Each structure stands twice: as structure tokens, then as C-alpha cells.
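Here is the structure we will look at, set down as C-alpha cells.
The values are calculated or read from the model by the stated rules, or taken from the named source; none is laboratory data. These figures come from a predicted structure and were not determined experimentally. Cβ placement follows ideal geometry from the backbone for every residue including glycine, while neighbour counts extend to all protein chains displayed.
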Amino acid sequence: MECVFGLVGKGFAIVVADTSAVHGILVHKTNEEKIMKLDSHKLIAASGEGGDRVQFSEYIHKNVALYQFRNGIPLTTSAAANFTRAELAAALRKNPYAVNILLAGYDNHTGPSLYYIDYLATLHKVDKAAFGYASYLSLSMMDTHYHAGMSLQEAIDLVDKCITEIRSRLVVAPPNFVMKIVDQHGARECAWRQSLPSASPTFC
Amino acid sequence: MKLDTSGLESFSTLTAPGDDVVGEFSAPPSFQLPNSNDFDGFVKEAIQMVKPAKGTTTLAFIFKDGVIVAADSRASMGGYIYVTSQSVKKIIEINPYMLGTMAGGAADCQFWHRNLGIKCRLHELANKRRISVTGASKLLANILYSYRGMGLSVGTMIAGWDETGPSLYYVDSEGGRLKGTRFSVGSGSPYAYGVLDNGYRYDLSVEEAVELGRRAIYHATFRDGASGGVVSVYHVGPEGWKKWTGDDVGDLHYQYYPVVPSTVEQEMVEATGA
């Protein structure tokens with residue numbers, strides 16, 4: 001029931017993920033962060049099995065950091081996305097990672113971008129994307145209301161519409177969502193949407 | 001991960017030709033495969049067979065004075081409850097300030113916790129400071145992740161008190177690792193969650209917290225057939241862990257629900273001769 005979706009606006013890209021960590025029928029945690037800061041201007045939102053999600057995201061994060069240390073300049077979003085895809089593809093026929101990824105980034109020359117990378121190492125540069133059950137409920141909503149160059153407020157309104165739709169139509173909808181944004185100022189947390197106060201205090 | 005296959009290297013160059021005793025070592029390394037048409041299916045079945053259903057109840061939670069860790073002590077062998085032991089130690093003392101809980105395969109949990117204890121001690125010796133709970137849980141999670149798909153069954157919580165205060169992590173054999181303040185693992189965990197979530201407050205006293213842990217495990221053992229035996233409750237404070245209680249759940253039942261003699265409404269009387 002993991003929901004991850006995102007879209008590109010005017011000068012920014014926003015990604016949204018649910019924050020439930022679930023095992024079978026039990027919810028172990030309602031404030032698990034599935035969107036990781038890859039570097040100062042990149043976000044990686046991953047959905048998939050617990051071990052793969054964290055381990056693969058951290059592996060990409062460390063390799064992106066290594067590139068920066070070695071070469072003195074950070075990777076572009078496109079390069080990071082292609083690297084991620086290549087790692088998924090290399091592992092695919094031996095020891096595949098069951099992770100779906102939305103990679104959002106901001107580059108000084110090319111502006112904001114969003115990449116859709118699924119567990120079979122498919123790579124697409126997109127304006128809007130969704131994984132999991134969220135895709136059924138929010139893609140058509142995004143297709144209707146999206147237009148190029150949306151302002152931040154318009155984008156947040158659209159995200160809220162999608163979250164409302166997920167909450168009302170998905171049989172086991174996750175209670176809480178986190179929104180993270182990346183723009184010229186960097187990658188940061190934008191907002192939470194909580195219908196259930198987190199089971200743990202926010203120092204986690 | 002590159003496997004170290006040096007152990008499989010042939011010794012043929014070291015032996016004299018025609019030497020009968022070590023003649024068999026010159027054969028290329030090989031091992032027998034089972035005779036089956038569907039090898040993949042056979043492997044899947046084998047892994048499923050050794051994957052017990054995590055018949056247990058363990059829980060842990062953080063509160064203002066540290067971490068409470070509680071568990072039952074029943075070991076069963078799947079199917080209809082064939083209880084093999086009522087006195088299994090499911091709370092493993094990794095070192096004097098860190099505890100691990102056991103759910104899943106007993107051997108897997110015991111071995112890997114012991115292994116983790118060794119790695120933590122090595123870290124202390126190499127770095128002249130104690131390892132953090134974050135670090136210890138990450139060590140264990142990485143090890144378990146590298147064995148994923150091979151049939152390990154471990155659902156454990158690492159609880160401890162380090163320089164940053166009390167910490168609690170849930171680590172399982174699929175490689176998942178979660179930081180949190182309240183977890184319960186095992187077949188009885190939904191029952192334990194009910195009592196735990198209801199009675200939890202961050203500002204519990206140590207006595208109240210120990211009682212909450214004990215009560216939650218008791219209720220889980222009442223409803224879940226794969227949990228039972230003795231409830232152990234540990235408290236991890238700034239000085240390290242301390243074992244608080246070890247009560248038999250049978251005794252606890254009558255303590256919480258003492259037998260009240262029911263009032264008799266109508267006494268049977270001898271029928272007078274008709």
C-alpha cells in the first residue's frame with residue numbers, strides 16, 4: 001500500500017511519500033521517512049521492501065557523495081538517475097532490488113527535473129509520476145490538473161487533492177504523508193499531512 | 001559481493017602423483033545436488049521449511065527513564081502447538097548496556113546476536129569507545145541483508161542506552177531496519193500492541209513501565225497459543241540493563257483475574273419421596 005508520487009513545477013520539483021512502515025497487517029511505524037536527501041539538490045523517494053529500499057538508497061547516496069569527493073563537483077540529476085538505473089540493471093538478473101524510485105533534482109542550467117526508475121531498471125524523465133496504489137488514484141488527477149510551470153501553491157493544492165483521493169478511495173490508505181521539495185535553494189522538507197498523530201515523537 | 005573461494009582450490013599441485021591417500025584431493029571441487037526435476041522449487045521449499053512462523057511475543061518501548069524490553073519464553077515447533085520448551089531466554093544480553101530480543105529461528109537469533117556482541121566488543125577495543133545502538137543495529141542489519149533470500153529467520157529489536165540516550169531499533173532478516181519508540185514482534189504482537197498502545201505514556205515511572213510490559217506480554221500469551229511460559233521484563237537505564245521480573249503467566253492470570261466464587265442462586269435439594 002505504499003504511495004509515492006511527484007511532479008515538476010516552475011523552478012522546483014516536489015515528491016510525496018507515505019510514511020508507514022508495515023509488516024503484514026501490522027503498522028510498525030507511522031513516521032518512516034522514505035524520501036532521502038541524495039545531496040544538496042537531489043531527493044530520492046523509494047518504495048519497496050524494507051531492506052532493499054534503505055540499503056539501495058544508501059548505496060546510491062554514498063556513491064553520489066564519492067563522485068563529488070573525487071571530482072570536486074556534484075553529479076547532475078540526469079547523471080545520478082542514469083547511474084541509479086545502471087545499478088538496478090546490473091543487479092537485475094542476479095540479485096534484483098525490489099525498489100521503485102522517483103529521483104527529483106535541480107540543476108543550475110537545466111532547472112528542476114523528475115526521473116521515474118522502476119524495479120526493472122526502466123528510466124524515464126517525466127513531469128509527473130506515481131508508484132504503487134497511488135498511481136491508480138492520483139495519476140488521472142495529476143493528468144487533469146497539471147500544467148507546465150505550476151506555482152508552489154498550485155502544486156501543493158494538487159498534491160492535497162491526490163492525498164484526499166487516496167484517503168477516500170484506497171481500502172487501506174496510509175494515514176500520514178510527507179512532502180519534500182527541491183529547488184534552487186536546495187532539497188528540504190516541505191510539509192507533513194497527518195491524519196494520525198505519529199506513534200513516535202518526531203526525534204526519530 | 002565476491003565470495004572467497006580459495007578454500008575450494010584444488011590441492012593437486014601439492015601432492016605427488018600416484019599418492020593414494022590424497023588422491024581424492026586432485027579431483028575438481030564439487031558437491032552433490034539433490035536429484036530433482038525442479039531444483040528451484042526444491043530450494044524454495046527447503047527455505048520455507050526452515051522458516052518458522054516466529055511463534056513468540058516480544059516487545060520494547062522507550063519512555064522517559066530508558067527502555068523496557070519484555071518477552072515470553074515459549075518455544076514451539078509449528079503446526080498444532082507442540083511446545084518444546086517453556087523456558088527459552090528470548091532476551092539476549094549483547095553487552096552490559098544493550099539487549100536484543102529473539103523472534104524467529106532460535107539458532108539464527110542466538111548466533112547472530114552473539115556475533116553482534118563480538119563485533120561490538122571489537123569496535124570498543126579498536127575505537128576506545130562504546131559502539132552506539134545505531135551502529136550496532138546497522139552492523140546486524142547489513143549482515144542479515146547480505147544473507148537475504150537464504151532462509152534466515154530473525155525478527156529482533158536492539159535496545160540500549162548510549163551517549164545520545166535510549167535507543168530502539170527493529171531489525172529483521174529481510175534486511176529491514178526501523179528506528180522507533182514502540183515495537184512488538186512475533187505471532188502475539190498484535191495482542192501486545194493493543195495493551196501497549198493503550199497504556200503507553202512517555203512519562204511512566206519505571207515501576208509502571210515494567211508493569212505495562214508485563215501486562216502486554218501476559219495478554220498476548222493468553223490469546224496466542226504460540227506464546228507462553230514466563231514473562232521476562234528488563235529495564236535499560238543509563239547504567240545499563242537490569243532484569244526486573246520473571247513471572248509465570250499462569251500465576252499472572254490468577255493475579256490479574258482472581259477466582260471469584262460464583263453465587264449460587266438455587267441449591268439443589270434432595271427430592272422428598274414422592
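Quick notes
- In the set A:CYS162, A:CYS204, only one residue is within 14 Å of chain B (Cβ to nearest Cβ) and either out of contact with any Ser or Thr (no Cβ under 6 Å at 6 or more places or on another chain) or modelled with pLDDT of 90 or more (or both); that residue is A:CYS204.
- Flag for A:GLY6 being at pLDDT 95 or above, in contact with a strand residue (DSSP E or B) (Cβ under 7 Å, 6 or more places away or on another chain) and either buried (at least 21 other Cβ atoms within 10 Å of the Cβ) or closer than 29 Å to A:THR110 by Cβ (or both): yes
- Set side by side, the residues A:ALA46, A:ALA21, A:ALA65 differ, and just one is within 14 Å of the chain's Cα centre (by Cα) and among the small types (Gly, Ala, Ser), which is A:ALA46.
- You will find that of A:LEU43, A:LEU88, the residue that is part of a strand (DSSP E or B) and over 30 Å from B:PHE61 (Cβ atoms) is A:LEU43 and no other.
- Residue within the stretch B:229-249 that is touching a helix residue (DSSP H, G or I) at 6+ places or on another chain (Cβ under 6 Å), within 14 Å of chain A (Cβ to nearest Cβ) and under 29 Å from B:LEU140 (Cα atoms) present: no
- Count of the stretch A:25-51 residues, restricted to those that are among the charged types (D, E, K, R), buried (at least 21 other Cβ atoms within 10 Å of the Cβ) and closer than 19 Å to A:ASP118 by Cα, is 2.
- Selection count, the stretch A:174-201, where residues are part of a loop (DSSP other than H, G, I, E, B) and at pLDDT below 90: 7
- Top-ranked residue in the stretch B:189-206 [being more than 11 Å from B:ILE217 (Cα to Cα) and within 13 Å of another protein chain (Cβ to nearest Cβ); ranked as nearest to the chain's Cα centre (by Cα)]: B:ASP197
- Verdict on A:PRO74 being modelled with pLDDT under 95 and not hydroxyl-bearing (Ser, Thr, Tyr): yes
- The combined condition, being assigned to a helix (DSSP H, G or I) and either modelled with pLDDT of 90 or more or closer than 30 Å to A:THR164 by Cβ (or both), is not fulfilled by A:ALA130.
- In the stretch B:145-164, the residues that are within 9 Å of chain A (Cβ to nearest Cβ) and either buried (at least 23 other Cβ atoms within 10 Å of the Cβ) or part of a strand (DSSP E or B) (or both): B:GLY155
Conditions (1) among the acidic types (Asp, Glu); (2) under 19 Å from A:ALA187 (Cα atoms); (3) crowded, with 23+ Cβ neighbours inside 10 Å, marked per residue:
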| position | (1), (2), (3) |
| --- | --- |
| A:HIS23 | no, no, no |
| A:LYS62 | no, yes, no |
| A:ASN71 | no, no, no |
| A:THR84 | no, yes, yes |
| A:LYS94 | no, no, no |
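- Lone qualifier among B:THR181, B:THR134 - being surrounded by 21 or more Cβ atoms within 10 Å (Cβ to Cβ), over 15 Å from the mean Cα position of the chain (by Cα) and within 12 Å of chain A (Cβ to nearest Cβ): B:THR181
- Residue match in the stretch A:76-94 (condition: touching a Ser or Thr at 6+ places or on another chain (Cβ under 8 Å) and within 14 Å of chain B (Cβ to nearest Cβ)): no
Listed here are the residues, each with its yes/no results for (1) aliphatic (A, V, I, L, M); (2) in contact (Cβ under 8 Å) with a residue 12 or more places away in the chain; (3) more than 22 Å from A:PRO197 (Cβ to Cβ).
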position	(1), (2), (3)
B:PHE183	no, yes, no
B:TYR191	no, yes, yes
B:GLY199	no, yes, no
B:LEU204	yes, yes, no
B:GLU207	no, no, yes
B:HIS219	no, yes, yes
B:GLY229	no, yes, yes
B:PRO238	no, yes, yes
B:TRP244	no, yes, yes
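- Single match in B:ALA271, B:ALA216, B:ALA209 (criterion: outside any strand (DSSP E or B) and under 16 Å from B:SER73 (Cβ atoms)): B:ALA216
- Residues satisfying the stated conditions in the stretch B:163-194, i.e. touching a Leu at 6+ places or on another chain (Cβ under 7 Å) and on the phi > 0 side of the Ramachandran plot: B:GLY175
- The number of residues in the stretch B:82-119 being of a type in the set (D, E, K, R), closer than 18 Å to B:TRP244 by Cβ and surrounded by fewer than 22 Cβ atoms within 10 Å (Cβ to Cβ) comes to 2.
- Counting only residues that are in a strand (DSSP E or B) and either surrounded by 20 or more Cβ atoms within 10 Å (Cβ to Cβ) or in contact with a Lys or Arg (Cβ under 7 Å, 6 or more places away or on another chain) (or both), the stretch B:165-178 holds 9 of them.
- Within the stretch B:104-128, being of a type in the set (D, E, K, R) and not in a helix (DSSP H, G or I) holds for one residue alone: B:LYS128.
- Unmet requirement for A:TYR116, which otherwise passes all of (1) more than 14 Å from chain B (Cβ to nearest Cβ); (2) surrounded by fewer than 19 Cβ atoms within 10 Å (Cβ to Cβ); (3) free of Cβ contacts under 8 Å to residues at least 60 places away in the same chain: (2)
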